[in-house]
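Notes to accompany the following structure.
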Amino acid sequence: MVVNTVGHLSEAIFHHPDLTVSYAFVIVKLMNPMAKGITTKDFELAHKIEEVIMWQPGKDEGALTGTPNDPRFKYD
């Protein structure tokens, strides 16, 4: 899910980070080869990726409360 989320966000802004995918982690490397370094676009994408990946239901007010408190529906 993490890889798909990073891919979706990256494609939406036409930016293509390097990903290293392992069983227990995903590494996202952001840089702009044309600029030969890190740009504002990289920082903004990193912030958006973190915001979406780290979001948890029930932490904000609203209808998105998450799964019921029942082991059958546990989602971490």
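The values are calculated or read from the model by the stated rules, or taken from the named source; none is laboratory data. The shown structure was predicted, so the numbers you read here are calculated from the model rather than taken from an experiment. Backbone-built Cβ (ideal geometry, glycine too); neighbour counts: all protein chains shown. These area figures cover heavy atoms from the full protein model, side chains too; ligands, DNA and RNA do not enter into them. Shrake-Rupley method; radii C 1.70, N 1.55, O 1.52, S 1.80 Å.
Looking at (1) exposed (fewer than 10 other Cβ atoms within 10 Å of the Cβ); (2) in contact with a Lys or Arg (Cβ under 8 Å, 6 or more places away or on another chain), find the lone condition where Tyr23 falls short.
Status for Tyr23: all satisfied but (2).
Of all residues in the range 1-16, how many are open to solvent by less than 50 Å² (accessible area, probe 1.4 Å) and either modelled with pLDDT under 95 or polar (S, T, N, Q) (or both)?
Of the residues in the range 1-16, 3 are open to solvent by less than 50 Å² (accessible area, probe 1.4 Å) and either modelled with pLDDT under 95 or polar (S, T, N, Q) (or both).
Starting from the range 8-25, keep only residues that are part of a loop (DSSP other than H, G, I, E, B), then list their pairs with residues that are surrounded by 11 or more Cβ atoms within 10 Å (Cβ to Cβ) and of a type in the set (Asp, Glu) whose Cβ atoms are within a distance under 9 Å, requiring at least 6 positions of separation or different chains.
Ile13/Glu44; His15/Asp42; Pro17/Asp42
Can you tell me how many residues within the range 26-50 are outside any helix (DSSP H, G or I), touching a residue at least 24 places away in the same chain (Cβ under 8 Å) and more than 24 Å from Tyr75 (Cβ to Cβ)?
Here is the first cut: in the range 26-50, the residues outside any helix (DSSP H, G or I) are 26-39.
Add one more test, that the residue is touching a residue at least 24 places away in the same chain (Cβ under 8 Å), and what stays is 26.
Cutting the leftovers down to more than 24 Å from Tyr75 (Cβ to Cβ) gives us none.
The number of residues fulfilling the criteria is 0.
Can you confirm whether Asn32 is in contact with an Asp or Glu (Cβ under 7 Å, 6 or more places away or on another chain), at pLDDT below 90 and either surrounded by 13 or more Cβ atoms within 10 Å (Cβ to Cβ) or polar (S, T, N, Q) (or both)? Lay out the reasoning, then the answer.
Details: in contact with an Asp or Glu (Cβ under 7 Å, 6 or more places away or on another chain): yes; at pLDDT below 90: yes; either surrounded by 13 or more Cβ atoms within 10 Å (Cβ to Cβ) or polar (S, T, N, Q) (or both): yes.
It is true that Asn32 is in contact with an Asp or Glu (Cβ under 7 Å, 6 or more places away or on another chain), at pLDDT below 90 and either surrounded by 13 or more Cβ atoms within 10 Å (Cβ to Cβ) or polar (S, T, N, Q) (or both).
Taking the range 35-76 as the region of interest, how many residues are open to solvent by less than 60 Å² (accessible area, probe 1.4 Å), under 16 Å from Ala12 (Cα atoms) and either among the charged types (D, E, K, R) or in contact with a Gly (Cβ under 8 Å, 6 or more places away or on another chain) (or both)?
Residues in the range 35-76 being open to solvent by less than 60 Å² (accessible area, probe 1.4 Å), under 16 Å from Ala12 (Cα atoms) and either among the charged types (D, E, K, R) or in contact with a Gly (Cβ under 8 Å, 6 or more places away or on another chain) (or both): 1 in total.
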